[in-house]
Amino acid sequence: MPVLEWIGKQAVVNHHNQVPYRVLRCDEQLSVGDPGSGNLLVEGDNLHALKALLPYYAGQVKCIYIDPPYNTGNEQWVYNDNVNAPEIRKWLHQTVGDEAEDLSRHDKWLCMMYPRLVLLREFLRQDGVIFVSIDDNELAHLRALLDEVFGPRNFIGTVVWQKRTSPDARLKLSAARCA
């Protein structure tokens with residue numbers, strides 16, 4: 001099986017093991033509803049949140065959907081999509097070291113994604129599935145990364161959504177059928 005290599009990979013392959021478990025604490029002022037309902041809203045870095053949730057949900061999740069940064073380089077969006085936010089830069093420098101200064105945008109994205117995907121795999125049941133939204137900027141890297149983390153035999157398929165950038169062609173077809 002081909003293996004995806006990138007700058008910083010050796011530093012992040014086992015990083016999920018170094019992330020400490022954290023205790024989830026209920027903030028009564030932000031809480032709503034029945035405390036015993038089992039519903040949670042966890043605020044924080046997703047790597048830390050995943051590690052905090054893992055003892056409760058490991059091997060129990062049937063469906064995971066994630067929408068990671070598409071890594072378009074756009075820093076003017078709702079969130080910094082350039083994997084260049086100060087928090088990520090700080091984390092990369094702490095985790096990867098001086099080598100982080102030489103990382104391309106794609107290397108940074110792969111370093112950020114790998115430990116998170118490894119932790120997400122630990123949440124899934126044997127019959128569980130993960131869905132990931134991504135665009136063309138990282139699609140090839142994501143597929144190779146998912147194959148590495150989940151195994152190529154577990155790949156089911158790709159769903160492509162084509163954004164309509166032109167007038168609705170269905171109206172033209174309908175009109176043509178009626179004529």
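For Asp98 and Arg125, FRET efficiency with R0 = 45 Å and r from the beta-carbon atoms, rounded to 0.05? With R0 = 45 Å, the Cβ-Cβ based efficiency is 0.65.
How much FRET efficiency would the formula 1/(1 + (r/R0)^6) give for Asn154 and Gln18, where r is the Cβ-Cβ distance and R0 is 30 Å, rounded to 0.05?
0.70
Extension gain, Glu87-Arg25: 0.36 nm per intervening residue step, less the Cα-Cα distance, totals 20.1 nm. Which is farthest toward the positive dipole end of the range 9-154 among Val32, Ala100, Leu54, measuring Cα position about the Cα centre, with Cβ charges +1 (Lys, Arg) and -1 (Asp, Glu)? Of the options given, the answer is Leu54. Summarised as an ellipsoid, the range 9-154 has semi-axes of 26, 20, 16 Å, derived from the eigenvalues of the Cα gyration tensor scaled by 5 and square-rooted, with the largest first. Spin-label model, Gln162/Lys9: points 7 Å from Cα along the beta carbon direction are separated by 3.4 nm.
The numbers here are math on the coordinates, done by the rules we state, and not lab data. Note that the coordinates shown come from a computational prediction; the quantities given were computed from them, not determined experimentally. Cβ: placed from backbone, ideal geometry, glycine included. Neighbour counts: every protein chain shown.
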